[in-house]
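The values are calculated or read from the model by the stated rules, or taken from the named source; none is laboratory data. Predicted model, so just to flag it, every value in this text is computed and none were measured. For neighbour counting, all protein chains shown are included, and Cβ atoms are generated from backbone atoms with ideal geometry for every residue, glycine included.
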Amino acid sequence: MKILDRHEIDAALDKDTVIKAVREAFVSHSQGHIQSPSPLHMTFRDEAGLRTGDCHVKSAHSNHHKVIAIKVAIGMYKNAEKGVPVNNGLVLLLSRETGEPVALLQDEGLLTTYRTAAAGAIASGLASTKADDVLGIVGTGNQAFHQAEWTTHYLGLKKVMVFGRSTAKAADLTSKLSAHGLSAVRADSVAQLCANCRIVITTTPASDPIIMASDLPDGPRTNIHFVAVGADTHGKQELDAEILARAATVVADDLKQCLDHGDLAAANALGLIDPDQIVSLGSALAKGLSITEGVSVADLTGLGAQDLAIATLVT
């Protein structure tokens, strides 16, 4: 069995190749070509009941791949205080023909970071943009940085606005993005972010909505596309359910997952959305959907298909 570490894995990947593979995975998933069971979720809490981390196990295989991928991703929120990376994980690849272990990818969460960033960029690309449009980022962690970097790369944007509940962390992220050649500024409020950005990507583990419907600009011609990537397990929610109700277009990476534990779950529980009107991300990509106006939302909970796609690029 081949064993690869984080540095070897990183050296084998580039943004354009990953985005292409993940895009194809979404389309294949929507067409039923990839078999993937429901993900396994574990949530960790402290003695006060506060969420301190979570772990996800996702898997997938298809007739088009020679391997089965089983991915474990874990995030422990207080690790930053200890000087330890918040995210970690690994991917095991097994032969689809014999079941023998083929490779252990000790990526320390890198593959999940990259495939999630690629997904955010792809979902952002559903919205029509101009070169001077601003990308909004909610959150200040590792995924926030990568969403900004990968999405601006994919869409050819240069301007980024960041909102974080920690002013200091938001300032640090804007400095980091500026050092990578982007024009990055900090927003003082979510409302300011929404008023200035064509696309807003949310990247937090929030349990309660960070963006409320009241944060959106007034007027029927509001054009804003939300890409929600943080709500990937039960008990998380980044968008006010009223935003989903207001959206003219709602896209889901996987409808069943999103209704179970994505931002769509809260809106559906309140009867604010019609699941039959939600568009599969893979179908939207295959049909060339382009969202030109209004409020729209892409809810991303993460697919085993993405993990299979990026892992096979390494091996």
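Here are the numbers:
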{"quantity": "Tally, over segment 123-151, of residues that are assigned to a helix (DSSP H, G or I) and under 15 Å from PHE226 (Cα atoms)", "calculated": "6"}
{"quantity": "Lone qualifier among ASP132, ASP46, ASP54, ASP107 - being over 14 Å from the mean Cα position of the chain (by Cα) and in the same structural domain as VAL297 (by TED's automatic domain parsing)", "calculated": "ASP132"}
{"quantity": "Residues within segment 227-243 that are part of a loop (DSSP other than H, G, I, E, B), more than 23 Å from ASN196 (Cβ to Cβ) and without any contact (Cβ under 8 Å) to a residue 60 or more places away in the chain, tallied", "calculated": "2"}
{"quantity": "ASP54 among the acidic types (Asp, Glu), touching a Pro at 6+ places or on another chain (Cβ under 9 Å) and at negative phi", "calculated": "yes"}
{"quantity": "Single residue of LEU173, LEU193, LEU177, LEU216 found to be touching a helix residue (DSSP H, G or I) at 6+ places or on another chain (Cβ under 9 Å), within 30 Å of SER30 (Cβ to Cβ) and not small (Gly, Ala, Ser)", "calculated": "LEU216"}
{"quantity": "Criterion: more than 17 Å from the chain's Cα centre (by Cα), surrounded by fewer than 20 Cβ atoms within 10 Å (Cβ to Cβ) and within 17 Å of LEU272 (Cβ to Cβ) - qualifying residue of ASP172, ASP208", "calculated": "ASP208"}
{"quantity": "Members of segment 264-286 found to be part of a helix (DSSP H, G or I) and either touching a residue at least 60 places away in the same chain (Cβ under 8 Å) or within 15 Å of SER128 (Cβ to Cβ) (or both), listed by number", "calculated": "LEU281, GLY282, SER283, ALA284, LEU285, ALA286"}
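One line per residue, one yes/no per condition, for (1) closer than 23 Å to LEU289 by Cβ; (2) part of a helix (DSSP H, G or I):
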site: SER214; (1), (2): no, yes
site: GLY219; (1), (2): no, no
site: HIS225; (1), (2): yes, no
site: ALA245; (1), (2): yes, yes
site: VAL250; (1), (2): yes, no
site: ASP260; (1), (2): no, yes
